[in-house]
1. Dipole of the chain, Cα-centred, from +1 at each Lys and Arg C-beta and -1 at each Asp and Glu C-beta, to the nearest 20 debye?
2. Compare the Cα positions of Ala143, Phe233, Gly63 along the charge dipole of the chain (+1 at Cβ of Lys, Arg; -1 at Cβ of Asp, Glu; about the Cα centre) and return the one farthest towards the positive end.
3. Which net charge results when you count Lys and Arg as +1 and Asp and Glu as -1 among the other residues whose beta-carbon is under 9 Å from that of Val104?
4. So for the chain, taking the charge dipole from beta-carbon charges (+1 Lys/Arg, -1 Asp/Glu), which of Thr74, Leu9, Val183 sits furthest toward the positive end?
5. Taking a ≥ b ≥ c as the square roots of the Cα gyration tensor eigenvalues, with a/c under 1.5 meaning rounded and otherwise prolate when a/b beats b/c, else oblate, which class fits region 20-116?
6. Computing the accessible area with a 1.4 Å probe over protein heavy atoms, can you report the carbon and sulfur percentage for the chain?
7. Just one of (i) 19.4, 61; (ii) 17.5, 53; (iii) 20.8, 68 is Rg and Dmax of the Cα atoms in Å calculated from these coordinates, so which is it?
8. Which is farthest toward the positive dipole end of the chain among Phe112, Val21, Gly211, measuring Cα position about the Cα centre, with Cβ charges +1 (Lys, Arg) and -1 (Asp, Glu)?
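The values are calculated or read from the model by the stated rules, or taken from the named source; none is laboratory data. Only a predicted model underlies this, so the values are computations on that prediction, with no experimental measurement involved. So basically every Cβ, Gly included, is an ideal-geometry build from the backbone, and we count neighbours across all protein chains shown. Ligands, DNA and RNA are stripped out before the accessible areas are found, and what is left, the full protein with its side chains, is counted by its heavy atoms. Shrake-Rupley method; radii C 1.70, N 1.55, O 1.52, S 1.80 Å.
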Amino acid sequence: MRRAEWGALIADDEPAARRGVRQLLTAFPEFAVVGECRNGAEVLAALDVAAPDVVFLDVQMPGIDGFEVIRRRTPERMPPVVFLTAYDQFAIRAFETQALDYLVKPVSEARFAATMKRLTRQLRTAASSSRERGIVVTTSRGATVIAVREIDWIEAADNYARLWIGGRSYLLRQPLRVLESRVRAHGFVRAHRRALVRLGGVRELTWTGAGGLVAVLTCGVRIRVSRRRRAAFAAALRSQAC
């Protein structure tokens, strides 16, 4: 079975509509449903908790509608959005919000497949671009690109990852397990379940008085190496030095 690469959030106040999208997604195993929402308030909360790579967003929902979700979150902080609606009258407004696509319910399998093809192409292009240029993170001043070679270590933060460069950190909307596959080729290795360390930034390995192993980074940070990862971590470090 192919492992899912991306997470999808489904937002619609109608249970039947949510089931329909979930069923359509079964034809695309590279996507996993990470959450379902009934209204805009739930979507705003789920964007932080589930960190989806795409949102299938109903236009008309009770309270906060789909457009208001994007306005409050801001388009820059939204993942790709595929609007779902029973009406075609909102199409122009939807694309003005930089939506990837606009699907009128009921959605045919062929129409959905065309959307998924565009979405997959966009996600792969973004991932490839990030690998070449660095990692794009959002700050209070906008988006910035961080060169992978400048990162000292990466810490898990629920469904986010915190990238550390010296004493500064940047929050990335991506789980550590997903980010690991992107940075592994750049010399990052797991120190423990919640931390990735760039081997080139390790100054030394040292034992603690309690018998624990610690990686001391050139920036001065000390990262614990878990017992089950000690042998692999030490071997990777030796290989890096050769």
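1. Numbers: 39 positive and 24 negative charges, 296 e Å.
So the magnitude is around 1420 debye.
2. So the residue we want is Phe233.
3. Working: positive: Lys105, Arg111; negative: Asp88.
Within the 9 Å Cβ shell, the charges total +1.
4. Val183
5. Details: a/c = 1.57, a/b = 1.15, b/c = 1.36.
Note, shape of region 20-116 comes out oblate.
6. Values: 6390 of 13020 Å².
Heavy-atom surface of the chain belonging to carbon and sulfur, 1.4 Å probe: 49 percent.
7. (iii)
8. The residue sitting most towards the positive pole is Gly211.
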